[in-house]
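**Q** Here you go, one structure.
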Amino acid sequence: MTFHSILFDKRSFQKEATEQPVFFTDLNLDQVIDAITAHKQEYNLKPFYWTPLRDVETIYYRHEVMRDLEGETLMAHIKAFAEKLVIVRRYLGMVEKLDSHYHKLGWILESVLLYCEAMNHLLQGLGQVELRSRGFLAFHEYVTAYVHSRTFQVLQKEAQKVKSGLSNVKYSVIIQDGRFSVRKYEGETDYSVEVLQVFEKFKQGTPNSYLSDLHKGSGMNHIEAKILEFVALLYPKPFAALDQFCANHSQFIDDTIRIFDREIQFYVAYLDFIADVKYKGLNFCYPQVGASREVYDYDGFDLALAQALTLTEKRVVCNDFYLKDPERIIVVTGPNQGGKTTFARTFGQLHYLASIGCPVPGREARLFLFDQIYAHFERQEDIRNLRGKLEDDVARIHDILIHASTDSILIMNEIFASTTLQDAVLLSKAIMTRVMELDALCVWVTFIDELSSLSEKTVSMVSTVLPENPAMRTFKIIRKPADGLAYALSLAEKHRLTYKQIKERIQP
Amino acid sequence: MKVFLMHPDRDFKLLGEREQRFPYRYVFPISTTQAALVQDLELDTLLGVMAQGDEFLFDMAKQAIFSSPDSPEAICYRQAVLKDCLKNPAIVREIYRIPIEAIENKRGGWLSILSRYPSGILSSAVQMLEMSVIQLRKLKHIADEYAEKFESEGFRRFFAMIQQELTDEYFAEVEEHLKILKFKHGVLVSAELGNGNEGRNYVLRKTNYDNGNWIKRLFPGTARQGRCAKKSPHYSCTLHPRDDAGARALGELKDRGVNLVANAAGQSADHIDSFFNILRLELAFYIGCLNLSERLAELGEPIAFPDPAPASERQHSFTGLYDVALVLTMKKKVMGNNVNADGKDLMIITGANQGGKSTFLRSIGLAQLMMQCGIFVPAESFSANVCMGLFTHYKREEDATMTSGKFDEELDRMSAIIDHIKPDAMVLFNESFAATNEREGSEIARQIVRALLEKRVKVCYVTHLYELASGFYNQQMENAIFLRADRQRSFRLIEAQPLQTSFGADLYTKIFN
């Protein structure tokens, strides 16, 4: 079994996207991916999450790896390994910016030592767990062979020897204005106490402090570099050994290891992220993915919303949906602020997350492998776009319908809400007719009830309220006929914005 | 020493404090209603032109806008100072350069390395004090030379104060202190090699040689500058005299013990520094105004000093009022509007999409803000009463924080406005309450507007809710004015009753076929 990539079984390698898909913002997937990658910036993971797969086999390959990583022991080993490599790279990145010869070499030596330690621990770790995925089994074989190779073994032994020689050096610097001198340390006593006493009288009890924090980060100026040069002259042997070592081992990180280190973070980041969400009692599952349009998801939820609520006491409301042939379009109506938009987003998010091979929100799911998602959400007016808002909306929808195929997923959210009622009905019906002709999967959020019963392809779902208190939303979206009730005025009252309430609230 | 160019009787007080970390923005807590105002009026566009890429000017203009005085007299005090600035732009910019130079010297000199090199703090603090004296002398010179050209109360007081406070005796005293703040010392420090061969465990050591002699033994007088001489068992190096960085680095190693001395010098420098800061703060607003006036002049747009009326009155009349944000974005002249809404509490704007409604509404809002903080306004003429607070309520994109639905979110923002609003304030509505259907949206809006008017709040409302607009029109109120956008009239608004319109069918045919 040859190891190829932890993200792709060999056949299906796919080029990384360089830009976030256009519908990301509307579906709040940008927030999800931002949150997932927030602590992993240096890996540049976003392209992985921006690249939906078109191949079911690769999706299942990822499911296997993800399941292995759900084991805590393996996850801990992978994370420990990653942390060490982060530091290795930080050292090497620093080396490129350094000028002083032995300073550079000193840091290269540190990075080699750490790299060797990381590899040994990783091998040990992989041996301790029972791996099942094709991806990890192949990777384990690869690491075993690499760590036992002569290349690696020589690297490790020499690094340790050189380091021990340098640790024994001790020297003194003598400084006057504009000049300094270096020699071996000769056992002089601590002088700082006396110096402190001399300057005691300058002390003042004023608020602004210019006392320096003398803790020094890594780095070296040209004076320190010069000092190091002199130290090397005083102690030539250990430095010669260092020169020899670095000459022999300029490129020491294995390519396959380097690529693995980045790719595995795709899984680590996602699992870390959903762990916090699961903590709220929410479910994730590995969905069936394929060409069936009879999709379903039970106890699904908006991942962006769940993430935003992780640190609060608020409960996340889960919703179900299913489509049976010939149903294609879910028309969501009902009171505002009842979770309609959230439902539409959830539908889009679930399909997208499934397409990158990740577990999705819900207990059980079957999802459709789409060719593209198109979302139309209202845009704010833009001073730079002087086309009329309505014209702009119609033009954008036209653009979507030109590009969409039968295999696309469409999410329409409250389109034409800012035009006259008359126009909104006319335009919505005309456009929905076109979507039905296309036969694509679609979620359509609207306040126009009659859209929900246009044909056998439409399914009506309604956001619901508590029967005893119409101002209380349940955030449950259920299958039932649109009931024409709008709750705007009860909402105004809740916000204390009726005529009478405002009169009472404004006081001089 | 008080600057007092923004207010006749007090310092320009900042809302919030300067951020401690670079790039040192002057942020202040902004309420959600204020944030909405910034966004809805494209205030950043205006501020951006005032700033001309200078973040400090940007921040100060923003500070000024959000701390406007509310009396016509205070506004006129600033207008007078600003008129002086427009008359003597070169002199004002020269004065402004004085604190800027002082601050740049300070940054370049020592603040950037504050936390790392105590020896740097010490020598640079001295340098900065020396620089400060030079800048103060320049300021005195300008006051002596040009004070006569200025007429405003603000500038006349400022120049008189400079001439009185910055006497020769004062300069002599400062320079005397600078001589004392020198420090020379030689030290011995021991160390080991840590990670990356960097020195670690630095310990200041007492030399085993007799005091004074050991330095001579290590640095024989014949050593040539810039060259390193080997003298077993020592390796010595003398820095090139212009190697300032090297001197600082040596200082870092050397003066781990002079931390306290550096501290005292830094504090002395602070005293003069704070005066420059205030001068810069108070002039920044006027420099921003100069930048804006110059940009508008380039674009051929007029400016006018507005005539502010007390908040209790109802005035709003103007000619050639244009949307300054649009002009600055499009970089070309636009058509202005003429309206006489004196005595009106309610202004309802209806009409065609793309007819210039939003632009008009923004021009109303921006002119009000500019007038109230003392800037000229983008118009040929303009008079209005001062408002006790300006609020915007615009239709928004889906709430990115997902705490509420669209309509709920609109009501939530409206409620936040009601929390802050007082009589004699003004609210600008742009297509508000359209996130539900037309009938319900109109009803809710009607109730809100009616209540606001009865509480003496001025309302400007852009809407396509025909039911709302026609409802108010049919009441034939004396204190209401109805404007309509008409595409045929090239973005100019006319006084006219609302019309019911429908473009949907035309648009669909045009785009889909």
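Read-outs throughout are calculated quantities, based only on the coordinates presented, and are distinct from any laboratory measurement. Given the structure is predicted, the values throughout are model-derived calculations rather than measurements. Here the Cβ positions follow ideal geometry from the backbone for every residue, glycine too, while neighbour counts run over all protein chains shown.
**Q** Tell me the GluC sites (Glu not before Pro) within the stretch A:423-460 that lie in a loop according to DSSP and have at most 11 other beta-carbon atoms within 10 Å.
**A** Passing both the DSSP loop test and the Cβ count: A:Glu456.
**Q** Also, quick follow-up: What dipole magnitude, in Debye to the nearest 20, does the protein assembly as shown give about its Cα centre under +1 on Lys/Arg Cβ and -1 on Asp/Glu Cβ?
**A** Computed about the Cα centre, the dipole is about 2720 debye.
**Q** Continuing with this model, one more query. Just rank B:Met60, B:Met335, fewest to most, by other beta-carbon atoms within 10 angstrom.
**A** If I rank by nearby Cβ atoms, fewest first, I get B:Met335, B:Met60.
**Q** Scanning chain A for helices, which whole DSSP H stretches are 30 Å or more long along the axis (Cα) and average -1.0 or more by Kyte-Doolittle?
**A** Membrane-span-like by this rule: A:72-97, A:101-128, A:255-278.
**Q** Moving on to the next point. For chain A, compute Rg over Rh where Rg is the Cα radius of gyration and Rh is the Kirkwood radius from the inverse mean 1/r over Cα pairs.
**A** 1.13
**Q** Inside 10 Å of the C-beta atoms of A:498-504, what's the mean count of C-beta atoms belonging to other chains?
**A** Per residue, the number of nearby Cβ atoms from other chains is 6 on average.
**Q** At q = 0.06, 0.08, 0.09 Å⁻¹, what log₁₀ I(q)/I(0) does the protein assembly as shown have when each alpha carbon counts as one equal point scatterer in the Debye sum?
**A** Values returned for q = 0.06, 0.08, 0.09 Å⁻¹ are -0.68, -1.06, -1.17.
**Q** Residues of A:338-346, mean number of Cβ from any other protein chain within 10 Å of their own Cβ, rounded to a whole number?
**A** Mean number of neighbouring Cβ atoms from other chains: 2.
**Q** Okay, moving on. Rounded to the nearest 0.05, what FRET efficiency do A:Glu117 and A:His222 give with R0 = 22 Å and r taken as the Cβ-Cβ distance? Could you check?
**A** Computed FRET efficiency for A:Glu117 and A:His222: 0.10.
**Q** Exposure proxy check: A:Asp449, B:Asp323 ranked by fewest other beta carbons within 10 Å?
**A** Ranking A:Asp449, B:Asp323 by Cβ neighbours within 10 Å, fewest first, gives A:Asp449, B:Asp323.
**Q** Can you tell me the relative contact order of chain A? Whole percent, Cα pairs under 8 Å, sequence separation 6 or more.
**A** 17 percent
**Q** Using the Cα atoms of the stretch B:1-93 to build a convex hull, what is its mean projected area in square nanometres?
**A** That works out to 7.6 nm², a quarter of the Cα hull's surface.
**Q** Alpha carbon centre of the stretch A:88-127 versus the stretch A:275-325: separation in Å?
**A** About 42 Å separates the Cα centre of the stretch A:88-127 from the one of the stretch A:275-325.
**Q** Right, next: Give the residue list of chymotrypsin sites (Phe, Trp or Tyr not before Pro) in the stretch A:66-120 that are DSSP loop and have at most 10 other beta-carbon atoms within 10 angstrom.
**A** none
**Q** Still on this structure, I have one more. How large is the charge dipole for chain A, taken about the Cα centre, if only the Cβ atoms of Lys, Arg (+1) and Asp, Glu (-1) carry charge, to the nearest 20 debye?
**A** I would put it at about 780 debye.
**Q** Given bins 10 angstrom wide, list per bin the percent of all Cα-Cα distances in the stretch A:1-160, short to long.
**A** 9, 27, 34, 22, 7, 0
**Q** So what are the stretch A:32-125's ellipsoid semi-axes, whole angstrom, largest first, if each one is the square root of 5 times an eigenvalue of the alpha-carbon gyration tensor?
**A** 32, 19, 11
**Q** Next up: One-quarter of the Cα convex hull surface for the stretch B:4-53, in nm²?
**A** 4.9 nm²
**Q** Same structure, new question: Within the stretch A:67-131, list the GluC sites (Glu not before Pro) lying in a DSSP loop whose Cβ has at most 16 other Cβ atoms in a 10 Å radius.
**A** Of the GluC sites (Glu not before Pro), the ones in loops of the stretch A:67-131 whose Cβ has at most 16 other Cβ atoms within 10 Å are A:Glu70, A:Glu130.
**Q** Now for a separate question. Each label point is 7 Å from the Cα along the Cα-to-Cβ direction; what then is the distance between the points at B:Ile142 and A:Lys278, in nm?
**A** Between B:Ile142 and A:Lys278, the label points sit 6.6 nm apart.
**Q** Same structure, new question: Sorting B:Phe512, A:Phe13, A:Phe273 on the 10 Å Cβ count, fewest up front, what's the list?
**A** If I rank by nearby Cβ atoms, fewest first, I get A:Phe13, B:Phe512, A:Phe273.
**Q** Here's something else I'd like to know. Could you order peptides A:255-261, B:300-306 by the average number of other Cβ atoms within 10 Å of their residues, highest first?
**A** B:300-306, A:255-261
**Q** Convex hull volume of the Cα atoms in the stretch A:95-195, per residue, in Å³?
**A** Considering the Cα atoms of the stretch A:95-195, their hull volume per residue is 201 Å³.
**Q** Let me confirm one metric for peptide A:406-416, namely the mean number of other chain beta-carbon atoms within 10 Å of its residues' beta-carbons.
**A** The per-residue average across the peptide is 1.
**Q** Would you calculate a helix-derived [θ] at 222 nm for chain A, using -39,500 (n - 2.57) for each DSSP H run of n ≥ 4 and dividing by the full residue count, to the nearest 500?
**A** -15500 deg cm²/dmol
**Q** Rounded to the nearest 20 Debye, what is the dipole magnitude of the stretch A:216-328 about its Cα centre when Lys and Arg each give +1 and Asp and Glu each give -1 at the C-beta?
**A** 340 debye
**Q** Output the direction-averaged projected area (hull surface divided by four) of the convex hull of the alpha-carbon atoms of the stretch A:234-308, in nm².
**A** Mean orientational projected area (the stretch A:234-308, Cα hull): 10.7 nm².
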